Structures are given as structure tokens and as C-alpha cells.
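Visitor: The structure's right below; bear with me while I get my questions together.
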Amino acid sequence: WHRNWQELFPKGNREVVIEHPETGEKHRADVLCYGTVIELPNTTREGYDFLGWSDGKSLYKDSYTVSTSAVQFVAEWKAKSYTVTFIVNDGTNNQYTQTFEFDKQEALTDFTGSREGYNFLGWSTTKNGEVEYEDGDNYVTPAEDVTLYGVWQIQSYKLSIDLNGGSLETNPAGN
């Protein structure tokens, strides 16, 4: 996805026309002569840093000096990086982070910690939520830092008693 703005310099009068390729909207500037410096527009895109305008040879950030030929500028972008913070919720290795590039699918780092008496199930976007992601799942970060919370399930154990010939006066489970 690029915002494509065209700078057209017809022969003779060197008139500047900025045309938006999606809407066809045109903006005309004053008649410019060779050597005139024009200010280039700044633009934004969610999750990206604007690097400048490229003419295919050079990158221009703020201004351009009118030359003797037509030129088309294309916006150049660099994806921002965002941090996913993993809050383990009472386990060992209680907090760690992973950096993701915006809009790029990457695998979540496998959790290597533990919590006594519990099984680790996965990650939730809310502190006491249900599992939304498991270790190694592919994840695409939004244009912001994110916190994921560990989801745990208490381990259950079966208790067996062998009285080995003895007797109990009450049920050990209280039933």
C-alpha cells in the first residue's frame, strides 16, 4: 500500500500538478521554473514511519528542486516495531518481552517457565481471560505495544489410600 502522488512538470511552463491516484483529486501549484525549490507534503500511515519521497533514484524528505524533466514521487515507508510484554501471572520467569514488526506475522516465543501445581495453557489479552494464543502461534501486532497474560489451569490429582487391613472412622474427603 503506497500513497502515490505524481509531480508532473510539462515542458515549457513547468507547472506542478499533484494528483492523488485513488481519488483523482488534483492540486495545482504556482508556475515554477527550473531551479525552484518546492516543499513536499508530509504524510502518515498507521504503523509506519515516513522515510520521504522517492523519485526512483533519490529520497527527498522536505523539499525538491525543480529539474528539466518530469518526476513521479512515491512515498517510502518503514514498518515500526512494537513490543509484546508477556506477564506470566505468578509463574517463574514472571515477565519478558518480544519485539514484532508491525503488520508482519511472527511466531510467539515459547514460554519456558513454570508455576507449581499448575499447567500453562497459553496467553490472553486480559489478565483473567481465556486462552487466545498458544506458544508458537502466529501473531500480527497492531500499531501499539501489547500485553499478554499467562493462563493457567490448576493440576488435579487423584488421591488413593490403601488402609492395608486398617479401618477409618470417617471418610478422608469429608463426605
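Throughout, read-outs are computed from the coordinates displayed, never taken from laboratory work. All values derive from a computational prediction rather than experimental measurement. Note: ideal-geometry Cβ built from the backbone for every residue, glycine included; neighbour counts use all protein chains shown.
Visitor: Taking the alpha-carbon centroid of each part, what is the distance from the stretch 60-102 to the stretch 115-175 in angstrom?
Guide: Cα centroid of the stretch 60-102 versus Cα centroid of the stretch 115-175: 37 Å apart.
Visitor: Using packing as a proxy for protection, rank 69-77, 40-48 so that the peptide with the highest average count of other Cβ atoms within 10 Å comes first.
Guide: Values: 69-77: 15.6, 40-48: 13.8.
In descending order of packing, they fall as 69-77, 40-48.
Visitor: Per-residue HN-Hα couplings for the stretch 120-125, Karplus 6.51 cos²θ - 1.76 cosθ + 1.60 at θ = phi - 60°, whole Hz, x for Gly and Pro?
Guide: These are the phi-based 3J(HN,Hα) values: 7, 9, x, 10, 10, 7 Hz.
Visitor: Given contacts defined as C-alpha pairs under 8 Å and at least six residues apart, what's the relative contact order of the stretch 73-130, whole-number percent? Could the numbers behind the result be given before it?
Guide: Numbers: 51 pairs, mean separation 15.8, N = 58.
With pairs under 8 Å counted, the relative contact order is 27 percent.
Visitor: Explain nothing, just the number: dipole magnitude of the stretch 62-131 about its Cα centre with +1 on each Lys and Arg Cβ and -1 on each Asp and Glu Cβ, in debye rounded to the nearest 20.
Guide: Details: 5 positive and 9 negative charges, 16 e Å.
Roughly 80 debye, rounded to the nearest 20.
Visitor: Once fully extended, how much extra length lies between Gln155 and Ala107, figured as 0.36 nm per residue of separation less the alpha-carbon to alpha-carbon distance?
Guide: Details: separation 48, 0.36 × 48 = 17.28 nm, distance 2.72 nm.
Difference between extended and current length: 14.6 nm.
Visitor: Under a crude label model (7 Å from the Cα following the beta-carbon direction), how far is Gln95 from Cys33 in nanometres?
Guide: 6.3 nm
Visitor: Any idea which of Phe102, Val71, Asn89 is furthest toward the positive side of the dipole for the stretch 60-123, if Lys and Arg beta-carbons carry +1 and Asp and Glu beta-carbons -1?
Guide: Val71
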